[in-house]
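Presented below is the structure to which this report refers.
The values are calculated or read from the model by the stated rules, or taken from the named source; none is laboratory data. Nothing here was measured: the structure is a model prediction, and the numbers come from that model. Virtual Cβ from ideal backbone geometry, glycine too; neighbours counted across all protein chains shown. The area values use the complete protein model at the heavy-atom level, side chains included, leaving out ligands, DNA and RNA. Shrake-Rupley method; radii C 1.70, N 1.55, O 1.52, S 1.80 Å.
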Amino acid sequence: MNWTWFHRLGSPPYIYKLAGTLTPWFAWAAALLIAYGLVGGIVLAPPDYQQKDAFRIIYVHAPSAWLSLMIYTTMAVSAAIGLIWRMKVSHALAAACAPIGAWFTVAALGTGMLWGKPMWGTYWVWDPRLTAELVLLFLYMGYMGLRAGIEDTQRADRASAVLAIVGVINVPIVKYSVEWWNSLHQSASVMKLGKPDIVLEMLIPLLVMFVGFTLLFFALALVRLRAEILRRERAASWLREALA
Amino acid sequence: MTAELRADNLHLWRGEQHVLRGVGFVVSAGQCLLVTGRNGAGKTSLIRTVAGLLQPEEGRVFWRGEPTGVDRSRFHSETYYLGHDAPLKGDLTGAENLRFGVGIRRRFLPDELRAALARTAASDFADRPVRTLSAGQRRRIALAGVLLTTATLWLLDEPTTNLDASGQELIKTLIEAHLAAGGIAIAAIHHPLELDARATTRLELA
Amino acid sequence: MTGGQSVSPWHVARLTVERDLRLAFRRPAQLVQPILFFLIVTTLFPLALSPELSRLRDVAPGVLWVAALLSSLLALEFLFRDDAQDGTLEQFALSGQSLTWLLFAKTFSHWLLTGLPLAVVAPISAGALGVDFGSMPGVVASLAIGSFALSLIGAIGAGLTLGVQRGGVLLSLLTLPLAVPILIFGARATELAIKSEPYGAPLYLLAAFAVLGLTLAPLAAAAAVRIGLE
């Protein structure tokens, strides 16, 4: 089997260039899809017969919640690759992902709370999904805290990689234990977040938003990855040539 | 294969610093490698890389012809690394320290412990808590530990630190006896150490 | 020249645990602090809340578990710190023995010295919070198993923060999210025990976490310590 593609993926100059080429494509596609999704979701889709217009927050909330998990997984896989094959670019990608993931987690929590006010009459309810999302935010915080705490970049890479892998094993466990915990204490009347009776006009913009947000993440991750590579390779000769 | 340690083209970075730039050497049974160089030249880093505590960016270390990473536990069971500071617990006595520290590597008889302590002239204070001992006395306890492990490869970082003239002489005798018995020693040194020239190679780190 | 008679893993573990216990008993103050912390925190609640035993009984599981969690976090800082400073961890990594196994032995003795005593003194706190004497076996069992799982998971954080200056707060930040499932199931088992209901189910789940931690956490801790030694 030919492994040159794998080695090329490990080469900072190649990735730096590739990321630069791909970023505008992802960014424009994301902008178009999100614009379409917002119009479709906020203007065109009919109001939910139970939740009225409040359900529309789902167009931001659900994709953010999806990304918060997806990015954590991406980060952990990327960190694991970096740890096993000692691939610098992979560690840089993991480092680039963390703040983006943390912000999408914050977005998911914030929109969840905004939705909660008209639905539950209060901003915060110990809904299992919100609670799991909150624990996920703590996991991101721990990851970034550890990175910030270790001065040497390579050691920070490797230590935080171990943490990301442990965290990704922990995420589903937290999810199920929180659901179990909630099922014990919840009164039946509390409404679950999300899951309105969905019709096609609501569903299509939602799916578009999912794709758009994912592409947005790709674009953001590539920009941050380039910045990360610049920071790490500031002494390398290829960089001087590339910028000259 | 007979005892031989080989390092090939070791490159090590510590953060922004390129500490080891293509260091290579071979040491065979009965030989000693003295690593010299100014402060910060990478003596400690080299010893720690050989021991396997640091991962070089490039290059490999071979023990008995095999990369040390392949059967790490076999390599380590034949190696003893003694750093700047002796790995001793202040609240335990010298003898207790060795019973645990060396005990996880091999079983030994109380007589062996006594003999090792006697050879480094540490018998008198081996039953006192280590925190009451002077730096030189701790060093002697630690050296007794080195003997007790019966390791083939000694990795010594500044072995003569804190030792008086008789202590320096002791190090010399111990290393020479170790080499005569077919052992290998790699020592990072700051203070000159006069060993039998035929058995000694020097490596000056820039 | 060879290594002489080889040592069995059990012998290695016994030596490590023996050494840690001996060290701890030569410096008992460090041993007593987390337990005192636990007792004091749990007895602060009646002052902050109300002296009514029926109300205290309702919050007792939460109080006991949060206090246990905090107190074991305090103790975690000492898990590897001394051994890292005096070079013992380096010797572990270079001993030819499995670092995973050695660190597991260390974690086990850490639990013997900090987690188990917590479970043993818990009835004092529980009693002060109005818990009936008959419920104590469940309280002790859940805290004993839960603190073991906490020690195992905490070992990862303790290993990761080895290279961090003043890493105490960071250690908590890393460990607490990982400890959420233990808190949920442990507190539930304690709650059921206090209500004199069957508490087997959450206790078994807690034990399952301890077993999962047993198999994975020492591996992760060993990887973390190796990185910390660089």
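Points worth noting:
- Residue C:25 meets the conditions (1) closer than 30 Å to residue C:130 by Cβ; (2) open to solvent by 90 Å² or more (accessible area, probe 1.4 Å); (3) in a helix (DSSP H, G or I) in every case but one. The failed one is (1).
- For the range B:162-206, the set of residues classified as away from chain C (no Cβ under 14 Å), part of a loop (DSSP other than H, G, I, E, B) and open to solvent by 10 Å² or more (accessible area, probe 1.4 Å) consists of B:162, B:163, B:164, B:190, B:191, B:192, B:194, B:195, B:196, B:205, B:206, listed by residue number.
- Scanning the range C:192-230 for residues that are of a type in the set (D, E, K, R) and either buried (at least 23 other Cβ atoms within 10 Å of the Cβ) or under 25 Å from residue A:157 (Cβ atoms) (or both) yields C:226, C:230.
- Among the candidates C:212, C:203, the residue that is more than 16 Å from residue A:142 (Cβ to Cβ), modelled with pLDDT under 95 and within 12 Å of chain A (Cβ to nearest Cβ) is uniquely C:212.
- Hey, residue B:105 more than 14 Å from chain C (Cβ to nearest Cβ) and touching a Gly at 6+ places or on another chain (Cβ under 8 Å) or not: no
- Condition met for residue C:50 (within 14 Å of another protein chain (Cβ to nearest Cβ) and either loosely packed, with under 13 Cβ neighbours inside 10 Å or touching a strand residue (DSSP E or B) at 6+ places or on another chain (Cβ under 8 Å) (or both)): no
- Selection status of residue B:151, in a helix (DSSP H, G or I) and either at pLDDT below 90 or within 14 Å of chain C (Cβ to nearest Cβ) (or both): no
- Condition check for residue A:216: surrounded by 12 or more Cβ atoms within 10 Å (Cβ to Cβ), at pLDDT 75 or above and either out of contact with any His (no Cβ under 7 Å at 6 or more places or on another chain) or closer than 30 Å to residue C:180 by Cα (or both): yes
- Number of the condition not met by residue C:16 [criteria: (1) open to solvent by 50 Å² or more (accessible area, probe 1.4 Å); (2) facing chain B (nearest Cβ under 10 Å)]: (1)
- Taking the conditions (1) touching a residue at least 40 places away in the same chain (Cβ under 8 Å); (2) facing another protein chain (nearest Cβ under 10 Å) in turn, residue C:174 satisfies each one other than (1).
- Residue match in the range C:136-152 (condition: at pLDDT below 95, within 8 Å of chain A (Cβ to nearest Cβ) and open to solvent by 40 Å² or more (accessible area, probe 1.4 Å)): no
- Index of the failed condition, residue C:165 passing every other in (1) assigned to a helix (DSSP H, G or I); (2) open to solvent by 40 Å² or more (accessible area, probe 1.4 Å); (3) not charged (D, E, K, R): (1)
- With respect to (1) farther than 30 Å from residue B:78 by Cβ; (2) touching a residue at least 40 places away in the same chain (Cβ under 8 Å); (3) among the β-branched types (Val, Ile, Thr); (4) in contact with a Pro (Cβ under 8 Å, 6 or more places away or on another chain), the lone exception for residue C:140 is condition (2).
Conditions (1) surrounded by fewer than 20 Cβ atoms within 10 Å (Cβ to Cβ); (2) out of contact with any helix residue (DSSP H, G or I) (no Cβ under 9 Å at 6 or more places or on another chain); (3) of a type in the set (Ser, Thr, Tyr), marked per residue:
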| residue | (1), (2), (3) |
| --- | --- |
| A:14 | yes, no, yes |
| A:18 | yes, no, no |
| A:31 | yes, no, no |
| A:39 | yes, no, no |
| A:45 | no, no, no |
| A:56 | no, no, no |
| A:59 | no, no, yes |
| A:68 | no, no, yes |
| A:99 | yes, no, no |
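- The set of residues from the range A:70-91 being open to solvent by less than 20 Å² (accessible area, probe 1.4 Å) and over 13 Å from residue A:217 (Cα atoms) comprises A:76, A:78, A:79, A:82, A:89, A:90, A:91.
- Selection count where residues are open to solvent by less than 40 Å² (accessible area, probe 1.4 Å) and either of a type in the set (Ser, Thr, Tyr) or in contact (Cβ under 8 Å) with a residue 12 or more places away in the chain (or both), scope the range A:101-118: 11
- Residues that are part of a helix (DSSP H, G or I) and out of contact with any Pro (no Cβ under 7 Å at 6 or more places or on another chain) were ranked within the range C:95-106; the one that is farthest from residue C:205 (Cα to Cα) is C:99.
- Selection within the range C:80-110: residues that are more than 13 Å from chain B (Cβ to nearest Cβ) and buried (at least 24 other Cβ atoms within 10 Å of the Cβ). The member of this set that is farthest from the chain's Cα centre (by Cα) is C:80.
- Leading residue by the ranking (farthest from residue A:69 (Cα to Cα)) among those in the range A:157-181 that are without any contact (Cβ under 8 Å) to a residue 60 or more places away in the chain and more than 9 Å from every other protein chain (Cβ to nearest Cβ): A:179
- Annotation: residue C:162 fulfils all but one of (1) within 30 Å of residue A:156 (Cα to Cα); (2) out of contact with any Gly (no Cβ under 7 Å at 6 or more places or on another chain); the unmet one is (2).
- All positions within the range A:140-156 that are more than 7 Å from chain C (Cβ to nearest Cβ) and open to solvent by less than 10 Å² (accessible area, probe 1.4 Å): A:140, A:143, A:156
- Check on residue A:136, more than 9 Å from chain C (Cβ to nearest Cβ) and within 30 Å of residue A:184 (Cβ to Cβ): no
- Qualifying position, being at the interface with chain C (Cβ under 8 Å from one of its Cβ atoms) and more than 20 Å from residue C:101 (Cα to Cα), among B:86, B:95: B:86
- Just so you know, in the range A:180-213 the residues that are assigned to a loop (DSSP other than H, G, I, E, B) and either of a type in the set (A, V, I, L, M, F, W, C) or modelled with pLDDT of 90 or more (or both) include one that is surrounded by the fewest Cβ atoms within 10 Å (Cβ to Cβ), and it is A:188.
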